1. Report, in deg cm²/dmol and to the nearest 500, the calculated mean residue ellipticity at 222 nm for the chain, where each DSSP H run with n ≥ 4 adds -39500 (n - 2.57) and the sum is divided by the residue count.
2. Helix 26-41 versus the longest principal axis of the chain: what angle, 0 to 90°, nearest 10, using Cα atoms?
3. Aspartates and glutamates within cross-link reach of Lys152: Cα-Cα under 16 Å, excluding same-chain residues under 8 positions apart?
4. Would you work out which of Asn53, Ser64, Leu127 lies farthest towards the positive end of the dipole of region 24-153, given +1 charges on the beta-carbon of Lys and Arg and -1 on that of Asp and Glu, about the Cα centre?
5. Which far-off residues, 5 or more places away or on another chain, put their amide H under 5 Å from the one on Lys56, with H placed in the peptide plane?
6. Please state the relative contact order of the chain as a whole percent: Cα pairs under 8 Å, 6+ residues apart?
7. Taking the mean number of other Cβ atoms within 10 Å as a proxy for protection, how do you rank 1-11, 129-139 from highest to lowest?
8. Among Pro10, Val80, Met39, whose Cα lies farthest out toward the positive end of the dipole of region 1-93, if unit charges sit on the beta carbon of Lys, Arg (+1) and Asp, Glu (-1)?
Amino acid sequence: MSLLTILEYPDLRLRKRASLISEVNDNLRRTIDDMFETMYAAPGIGLAATQVNIHKRLLVLDVSENKDSPLVFINPEIDVLDPEPLGYEEGCLSVPGYFDLVTRPKKVKVKALDRHGQPLEMEAEGLLAVCLQHEVDHLDGKLFVDYLSILKRQRIKHKLLKDKKKDERGETRAEA
């Protein structure tokens, strides 16, 4: 397994819509394992393939306290079961250091394939529902900052670009 590089906003590759996966094979399972290793190391609770510059409809999640319940969704499709809005403080590995309230449907159903290519269907609410919707957004080229005001989005973009320039000069974010 190996750690993958996580793209950071405002990288335009994060805006690319992911394509369907036509075959579940050992290469895809190695990618899944690499994505889990990357997600856990970050640390995070979800990671879409788009975030690691793989533009396929694949995401991994683990919202468990002990990080012992990994979930894989290949070609996920989400249906809203309860549109009642649920506000949740979201963050993103592609937007490091920023968190904000995002409102999403409270309960969803996801249909996908698992890591073995077998059909998977489950209902989700709470954190799992939020995470699924957040990661599927990535596969569609959308980020959580798109739910924020233009002013907030511009401030985040400016700060991340400024931090990146400091990183390139050898300064750390902590020194900034």
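The values are calculated or read from the model by the stated rules, or taken from the named source; none is laboratory data. Model, not experiment: these values are computed from the prediction. So basically every Cβ, Gly included, is an ideal-geometry build from the backbone, and we count neighbours across all protein chains shown. All accessible areas refer to the heavy atoms of the entire protein, side chains included, with ligands and DNA or RNA removed. Shrake-Rupley method; radii C 1.70, N 1.55, O 1.52, S 1.80 Å.
1. The helix contribution divided over the chain gives -9500 deg cm²/dmol.
2. 50 degrees
3. Straight-line reach from Lys152, under 16 Å: Glu89, Glu90, Asp100.
4. In region 24-153, that residue is Asn53.
5. Counting only residues 5 or more places away or on other chains, the set is Ser19, Thr50.
6. The value is 22 percent.
7. 129-139, 1-11
8. Pro10
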